[in-house]
Every structure is written in structure tokens, then in C-alpha cells.
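Following: one structure in C-alpha cells, then a few remarks.
The values are calculated or read from the model by the stated rules, or taken from the named source; none is laboratory data. Computed from a prediction, not measured in an experiment: that's the story for all the values here. Every residue, glycine as well, gets a Cβ built from its backbone with ideal geometry; the counts of neighbours run over all protein chains shown. We work out accessible area using only protein heavy atoms, side chains counted, and drop any ligands, DNA or RNA first. Shrake-Rupley method; radii C 1.70, N 1.55, O 1.52, S 1.80 Å.
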Amino acid sequence: MFEIRPTAYGGRGCFATCEIARGTRVHCAPTPFTAVIFRDFRKEVCGYCFAYDLGRAWKIRLRGTEIAGLWFCSEGCRERWVNEEDPSGELVPVLELIEQTVALARRKLQSSKAGEYDEDFVTEDFSFEDDAIEKLWEQVDGLLTSNSVTANPLRNPILKNRILALEDIEYDSARLIAVAIVRLFLETYTGSTPPWFTWSGFAGLESHEKDLINRLPALLESHIRVYIFLKAVMPKKFQAFVTSGNVRAVLGRESANAFGIWQLPLTTESECLGSSIFPSASYFNHSCDPNVMKTRTGRQMHFTTSRFVKKGEELCISYGMMLTMAAKARQDLLQEQWYFKCGCGRCTIELATAA
Ligand SMILES: [Zn+2]
Ligand SMILES: [Zn+2]
């Protein structure tokens, strides 16, 4: 129904290979490559179907774990998560370790002044030019190699305070990355790769690491903390995949390719409950006059035409809730969050009229 090919304005996009009637489902992404429910909401959002009932905490937990950071709205959702999301059983112990370390770090933090550290990697006079960022990551890798991270990092003063200083959003990033790394591990050793689970499909997405760090330089230090944390908590067998390259790959792709997990039904009041990455859906470009609507049903993302589409026309979605905004405001938002200047037909006309 559509093909992915280069666009005239850069990058790739989805183009109709035939006429498509209004209301046709052109794509269904069955489950995210990786997803995380934000820490504030994790007890209130079902780990499988993402159901959210206005802040009511779900009661059903994974069997045999203390935390793992997952709550479910029903027994059925728990079973489906186990069977579909973690059939190998490799993911649960990793999530459990992350949560145990978080809990331990938070307890330590309450009882001491730990968590403050004064030797930032990113010093005030740090220049973000040329290969400075690459060199910094090499320095971090050097430090980790010489500090034997697997031997209780919470006893290592250089690593300990960085781990204790992690904020909620950094734990969320760590979970998002951990899921992706377990996928990569399984893909490498078992070859189990349903089409939506391939690392290469994911790594083929554009990275916006540089744009992100230029916009918010403090994130570089934060990314380093997340990496150190993962290096410290991921079990030994995954360590070959916990590289700065892989961690940066996820962080760089999350920034502009993630789909927010929004409270349903979607209104302007909806809460953003988490973040998810659907590589197969990331080729839909943005238009302020989109011809495709994205809707979430449980873990699935559906893409449906909202009007008749001509053969050869590009299929576009709207990246955020911005269609009622003025052209200038949309342009600013897209530049800030998605790093591009929107050149859609609607923007072209509205900006020309405004000028
Ligand atoms: Zn559920
Ligand atoms: Zn536009």
C-alpha cells in the first residue's frame, strides 16, 4: 500500500503505491521495540495494555519478583506480557535489578549526603565543538575500564555518587535502554527476531543526539550517569552490549522518534504516561495537514488514512497536538522538539499569508 523511500526534502518517508480510500488502516505496529512507563505513573499504568484509570493503582504484579517496576490491570495482561514481551525470561531479572538498585540508592540517599559529587565530566568551560563529545565518552569508557564496575559499584566512590544522583527521568531512560539491550542480546544469541524487534531496524532511525545536547547541554552529564548506572547494574552476560555506543544509540533515537504513551481517550488534558519507540512507524513524517491519523489501542499503534490519498502522495501524521496552533508556534515547536523546519503545504501557505 505504501513504500519507504527518500523524500525530496531529506530523509525517508512513506509514499502511497496506489490510491488509498479514507479510513484505511495503512500500518499497525504491534508492540514497541522498547517502552517505559514514567516512574510517577508506573503503579497506575498497566505494564501490558497501558490502561490508566485516573490514578487508581493496579494490584497485579509479576509472579516471583519483588518489584520489577511492573503493575498490571488484569491477570490476562500479566500473562500476555510474560508470553509476548519476555518469553525467554531474560528481561525480568534485569528490570528487577534496576528497581532494587533504585530502591537501595534512594534509601542511602535519605540517610546520607551521598549523591552530591563535584567532579562533573562536563565542566563549565566544556566546548561542544568538533569531537569533544566523542572524546568525553572515551574518557568515561576509560574510567569504567579502570574501575571494575561489576564489583559492587555502590562501594566505588567515583561511580557510587553518580548512581545515587540519578533522577527519576534517568531511571526511566535506563529502563528504556535496558529493554533494548536485552532485545539486542536475544537477537544476537537466539536469532529470535520478529520484524518489529530488530536492533538494525531501530539503529537505522536517525539519531538526534547532537541536536538534543546542543539544545540542552546538561543532558550530556545525565546521559553519562545513565550509562554508568547500566554498566553497574546489568548482569555480566549483557555487558558486551552495554557499550557507550549502544546507550547513545537509544538516547539519540528516543529524543525525536519516541511516541508518547498518552492517557486515553486523547484530549488536550491527557497525561503523558510514558515513552515508546516503534521503529516501523518512525518513517511517517510530519505534516500540519496530515492524511494519516495515529491511534493507540493497548500496546499497538494504528495508522489510518483520514482522507482519500492519491497514488504517490506522501503519508504523513502529526507529531504532536499542534494542529490548532498558529503556523509560527507550530514551526517553533517542531524545531525545538523534532529538530526540523516544517515545510508542509499548510505551513508554506500560512507563513506566506502571515508575512
Ligand atoms: Zn492491561
Ligand atoms: Zn507544517
**Prompt:** Taking Cα pairs under 8 Å and at least six residues apart, what relative contact order does segment 240-328 come out at, in percent?
**Reply:** 22 percent
**Item:** Radius ratio Rg over Rh of the chain, counting only Cα atoms, Kirkwood formula for Rh
**Value:** 0.98
**Request:** Any chance you could check the Cα centroid distance between segment 12-37 and segment 279-341 for me, in angstrom?
**Result:** 11 Å
**Size of charge dipole - segment 245-305 - debye, nearest 20, with Cβ of Lys, Arg +1 and Asp, Glu -1, no other charges** = 260 debye
**Prompt:** What is the Cα radius of gyration of segment 1-145 over 2.2 N^0.38 Å, N being its residue count?
**Reply:** 1.54
**Fill in**
Share of accessible surface on carbon and sulfur in the chain, whole %, 1.4 Å probe and ligands ignored, is 54 percent
**Message:** I'd like to know which of Phe33, Asn257, Thr324 lies farthest towards the positive end of the charge dipole of the chain, counting +1 on Cβ of Lys and Arg and -1 on Cβ of Asp and Glu.
**Reply:** Phe33
**Prompt:** Once you charge only the Cβ atoms, +1 for Lys and Arg and -1 for Asp and Glu, what is the size of the charge dipole of segment 193-272 about its Cα centre, to the nearest 20 debye?
**Reply:** 500 debye
**Request:** Tell me the label-point distance for the pair Ala8, Ala352, using the 7 Å Cα-to-Cβ offset, in nm and rounded to one decimal.
**Result:** 1.3 nm
**Request:** Note down the relative contact order for the chain as a percent, whole number, built from C-alpha pairs under 8 angstrom at least six residues apart.
**Result:** 27 percent
**Request:** Return the loop-located GluC sites (Glu not before Pro) in segment 264-355 (DSSP other than H, G, I, E, B) with at most 12 other Cβ atoms within 10 Å of their own Cβ; answer none if there are none.
**Result:** Glu269
**Prompt:** Within straight cross-link reach of Lys108, meaning Cα distance under 21 Å, which lysines are found once same-chain residues fewer than 8 apart are removed?
**Reply:** Lys160, Lys231
**Prompt:** What GluC sites (Glu not before Pro) in segment 1-110 are in a loop by DSSP, with at most 16 other Cβ atoms within 10 Å of the Cβ?
**Reply:** Glu19, Glu66
**Item:** Residue-normalised accessible area of segment 34-257, given per residue in Å² at a 1.4 Å probe
**Value:** 47 Å²
**³J(HN,Hα), Karplus 6.51/-1.76/1.60, whole Hz, each residue of segment 277-287, x for Gly, Pro** = 10, 10, x, 5, 9, 7, 8, 6, 7, 8, 9
**Message:** Show me the trypsin sites (Lys or Arg not before Pro) within segment 272-355 that DSSP assigns to loop and that have at most 11 other Cβ atoms within 10 Å of their Cβ.
**Reply:** Lys310, Lys311, Lys341
**Message:** Please list 3J(HN,Hα) in residue order for segment 33-42, calculated via the Karplus relation 6.51 cos²θ - 1.76 cosθ + 1.60 where θ = phi - 60°; whole Hz, with x for glycine and proline.
**Reply:** 4, 8, 8, 9, 8, 4, 3, 4, 10, 4
**Given charges at beta-carbon only (K, R positive; D, E negative), |dipole| of segment 34-257 in Debye** = 1100 debye
**Request:** Give the relative contact order (percent, whole number) for segment 256-301; include only Cα pairs under 8 Å separated by 6+ residues.
**Result:** 30 percent
